[in-house]
Amino acid sequence: MKPERLFVILPAALVALVASTFLLILPQGCSTTRDLDPAGVYAGDRPLYEADRAILEAKDAFGMILEWAARNAGYIASDESAAEFVASVRDNRKQWLRDAIAARDAYELIRGPEQLSTLDGKLAILTRALALYRTHATQTLENAN
Amino acid sequence: MDPLQLIAAVDAALTTVEHLSKMVARAKAEGLITVEEQSEQKARIDALREELAD
């Protein structure tokens, strides 16, 4: 995959994660995006729908980050922080996703503000990882030019 | 209010109204997130949960 293509896909994942964070905070109905059909499995629960969307986007993005790392081994080897970042994604991505899913499951069960806050925190971890990727990917592109 | 200020204020209001109108039209055109779309996403989350449990 070309780096330029990653720049199209990964910002979408970031946007989904950041948007989900805002949607967890805002009262339902504030979003200007499409509404949920209340007959669906989410029963109109927008925060839960957005959290799931964000988790799935992050999962796909982590796969792409590892692919990017394999294609840019030279840059990764030359930059200690990039190497640490990639190692962190490789080692922790499954646990980050497990934690996010556990938090969404807890929210689905009780749907209280405390569970929502925990879920928000877990999604923020995913957001930080993707934002860090963007920094490194930008550096890779600059080095290539 | 001088005429120029009035025109600027009207322009600003028009821009706002046009923007809101477009947003409403887009929301109507896009419709609801369907039952099928929701089920598909939920199925992917359930599959990911199982995958991570392995």
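Could you tell me which of the residues B:Glu50, B:Glu18 is at pLDDT 90 or above and of a type in the set (Asp, Glu)?
None of the other options fit; the residue is B:Glu50.
Which of (1) out of contact with any strand residue (DSSP E or B) (no Cβ under 8 Å at 6 or more places or on another chain); (2) at pLDDT 95 or above is the odd one out, the single condition A:Gly40 does not satisfy?
(1)
The values are calculated or read from the model by the stated rules, or taken from the named source; none is laboratory data. A quick note: this is a predicted structure, and the numbers were derived from the prediction, not measured. Glycine also receives a Cβ, built like all others from the backbone with ideal geometry; neighbour counts cover every protein chain displayed.
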